[in-house]
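One structure is given here, and the rest of the page talks about it.
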Amino acid sequence: MKGKRNRSIIISYKTLRQSIGWLGIALPVVLVVGGWIVQPGHIEGSISSYYYTNMRDLLVGILGAVGVFLITYQGYDRLDNWVTNGSGLAAFGIALFPSDYPADPPLPVGIFHLPSTISVYFHLVSAACFFLLLAYNAFFLFTKTGTGRPGPRKLLRNLLYRLCGITIVACLIGIGLYLWLWQDTFLRHLAPILALETLALWAFGFSWLVKGGTLFRDRA
């Protein structure tokens, strides 16, 4: 009986990790496809911009689900919990404080009805915290190894976790460089922010799928 209960807990934990991973991967795909159906040929410049389209409810709903799952997730120690709780709260911040919407005068947005020019600062801080904490989680926490020598599959997973963490940080740097140096170049026609945000979300989702045992789990 005790063995079955422990197995059930392990399965539930893996399911939670997998759910977080799938939501991260699905978010940009669902938004782009859903927006394309209503406005064929049109793609928004960023994930956040879909708040002002027909995909608003799905964007807020998926971010809310990711936030709940991250806060619900219990890591191996207090640091794990702080990181996942912080990233979960940041996901709520992204959803509750929409990005800027160009209008004169600035429109009141979100449940707090802040002017969009003010809401955007909370949005950007939340987004930065969200991705940085996810990168830290993948690079430093997922790679922890218990007592004993790690097997070849664990070493491979650690490599993938670190690559995911590096990818997330590189995407954030890329977004910053674009906004600072290349915003008024031909790149603006290629939706680089959307592309980099998508890559970062896929790296985040992939790391959680690996952690959940969907990919590269230990051989029996």
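Annotations
- Listed by first and then second residue, the pairs with beta-carbon distance under 9 Å, at least 6 apart or on different chains, first residue in the stretch 182-197 and free of Cβ contacts under 8 Å to residues at least 24 places away in the same chain, second basic (Lys, Arg) and open to solvent by 40 Å² or more (accessible area, probe 1.4 Å), are Trp182/Arg188.
- The listed residue being within 18 Å of the chain's Cα centre (by Cα) and among the aromatic types (Phe, Trp, Tyr), out of Trp182, Trp208: Trp208
- Tally, over the stretch 116-139, of residues that are more than 17 Å from the chain's Cα centre (by Cα) and under 15 Å from Gly86 (Cβ atoms): 0
- Restricting the stretch 101-123 to residues that are outside any loop (DSSP other than H, G, I, E, B) and of a type in the set (Ser, Thr, Tyr) leaves a set whose member that is farthest from Thr53 (Cα to Cα) is Tyr121.
- Test for Ala195: is it out of contact with any helix residue (DSSP H, G or I) (no Cβ under 8 Å at 6 or more places or on another chain) and of a type in the set (A, V, I, L, M, F, W, C): yes
- Output for the stretch 172-213, where each listed residue is touching a Gly at 6+ places or on another chain (Cβ under 7 Å), part of a loop (DSSP other than H, G, I, E, B) and closer than 21 Å to Trp22 by Cβ: Gly212
- Once the stretch 101-134 is narrowed to residues that are closer than 27 Å to Leu79 by Cβ and free of Cβ contacts under 8 Å to residues at least 40 places away in the same chain, the residue that is surrounded by the most Cβ atoms within 10 Å (Cβ to Cβ) is Ser126.
- Yes/no for Leu156 being within 22 Å of Thr84 (Cβ to Cβ), in contact (Cβ under 8 Å) with a residue 12 or more places away in the chain and not small (Gly, Ala, Ser): no
- Test: residue in the stretch 128-145 that is assigned to a helix (DSSP H, G or I) and charged (D, E, K, R): no
Table: residues versus (1) open to solvent by less than 20 Å² (accessible area, probe 1.4 Å); (2) touching a helix residue (DSSP H, G or I) at 6+ places or on another chain (Cβ under 6 Å); (3) part of a helix (DSSP H, G or I).
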{"site": "Asp57", "(1), (2), (3)": "no, no, yes"}
{"site": "Val83", "(1), (2), (3)": "yes, yes, yes"}
{"site": "Ser99", "(1), (2), (3)": "yes, yes, no"}
{"site": "Arg153", "(1), (2), (3)": "no, no, yes"}
{"site": "Ala170", "(1), (2), (3)": "no, no, yes"}
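- All positions within the stretch 182-220 that are among the basic types (Lys, Arg) and either open to solvent by less than 50 Å² (accessible area, probe 1.4 Å) or in contact with a His (Cβ under 9 Å, 6 or more places away or on another chain) (or both): Lys211
The values are calculated or read from the model by the stated rules, or taken from the named source; none is laboratory data. Given the structure is predicted, the values throughout are model-derived calculations rather than measurements. Cβ: placed from backbone, ideal geometry, glycine included. Neighbour counts: every protein chain shown. Accessible surface areas use protein heavy atoms only, side chains included; no ligands, DNA or RNA. Shrake-Rupley method; radii C 1.70, N 1.55, O 1.52, S 1.80 Å.
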